[in-house]
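First comes the structure, then the notes that go with it.
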C-alpha cells in the first residue's frame, strides 16, 4: 500500500495550483458571483418597474416617469449593460494563459464589482422609495379618498362655502390648527366630489366680506384611481391660495371699517351663493362652514356675556333666516376667543343653543355647532 505521505510528496505539479492560477480562479469565481448578483438586481429592478406600472394603472404621465435603477430607466438593460454582461460571461469562459490577461481580468472584475455595488445602492434607494412604508402610506391615503368619494352625493355636485370671522381680535389669529384642518377637510371633500367652493373672510357686516378663494374644482383622469391621485396636489394648491390671500388681508385689515359682527348675514350670503349655482336645487348639495366665535352683535345681539340659554333661544326664534334646505351646516369656534380662551360655560351654551336653533330654522339637513371640531371634521 502506498504511503499517503509519499503520495503527497510525489504528487504532480498540477495537484497544487500555483499562486497565479489560484488568483485566476478566485477572480473568475468572484466575477461569476458578481454577474449573478448583477442579474438578480436587474431582475428585481424589472419586477419593481412592473409593480410601478401596476400602480400607474394605465396613467400615461406616471407610467412614463423615468426610473432610478440605471441609465435604462430601471426597466430593461441598456445596450451598454447588455454588452457589459455579455463581456463578464466571456471573460469567465476565457482561459488565463498569459500575464496580460491575468492582470487585466482582476481590473475588469473590480470594475464590475464597483458597478454591482453602485447598482445595489441604486436599488436600495429604489426599494426605500417604493418599499412597504411608502406603499402603505399611499394605500392609506388612497383608501381614505375612496371613502370620501363613496360618500359623495350620487349624480350631483357638491358645492361648499366657508365664512371666516376676522372681527375683533381674531384678525391676529384667524385660524387655529383645528380650524385650519376643518377648512382643509371641506376643500378636500369638494375636490374629490367635484363642485364649486368659495372661502370668504368677514370683519363685521356683510359689506366687509372679502373673498379668499372661489372656483370650480374637478379632478381629471381616465380612471377613478388616476383622478384620486391628483387630489392632494389640487387640495394643497387651493389651501396655498387661501393662506396667501389671508396673509394679504391681515396686512390690510387696519383699513377695514368693520362695524357690528353680522354672522347671520353670512348665512344669507351662502344661500345666495347656492341659489346662483343651483337655482332649482336639483343638481348639487351644499356644505357650509362658519368659523366664528358666535358673538353676533349686529342682528341677533348675542354679545352679552350674561346671556342665558332661554334668552338666546328666544332671540333665535324671532329673526328672519335664509333658506338652506338640504345643506350641511357646521359652526366651529363658538365661544372661543382668538387667543384660545373659552368664555363662561353658561354663555357658550347660550351661543350654541342660539345658532343651533337658527340653523334648524333654515331647513338644513344637518346642523353642528361646536367650540372645537373633532379631528378631520
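A short reminder: the numbers here are calculations on the coordinates, not readings from a lab. This one's a predicted model, so the numbers in the text were calculated from it and none came from an experiment. Using ideal geometry, Cβ is built from the backbone for each residue, glycine included, and neighbour counts are taken over all protein chains shown.
The table below gives the values:
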item: Mean shadow area of segment 139-370 over all directions, Cα convex hull, nm²; result: 12.6 nm²
item: Stretchable slack from residue 156 to residue 342, in nm (0.36 nm times residue separation minus alpha-carbon distance); result: 63.1 nm
item: Cα→Cβ-extended label distance, 7 Å offset, between residue 206 and residue 222, nm; result: 4.9 nm
item: Additional length obtainable on full extension of the chain from residue 214 to residue 141, 0.36 nm per residue less Cα span; result: 23.7 nm
item: Rounded, prolate or oblate (a/c below 1.5 giving rounded, otherwise prolate when a/b exceeds b/c) for segment 197-311 by Cα gyration tensor; result: prolate
item: FRET E, pair residue 320, residue 245, Förster distance 30 Å, beta-carbon r, rounded to 0.05; result: 0.45
item: Ranking of 367, 152, 359 by count of other Cβ atoms within 10 Å, fewest first; result: 152, 367, 359
item: Prolate/oblate/rounded label for segment 142-191 (Cα gyration tensor, a/c 1.5); result: oblate
item: Potential extension, residue 308-residue 233 segment - 0.36 nm per residue separation minus Cα distance; result: 22.4 nm
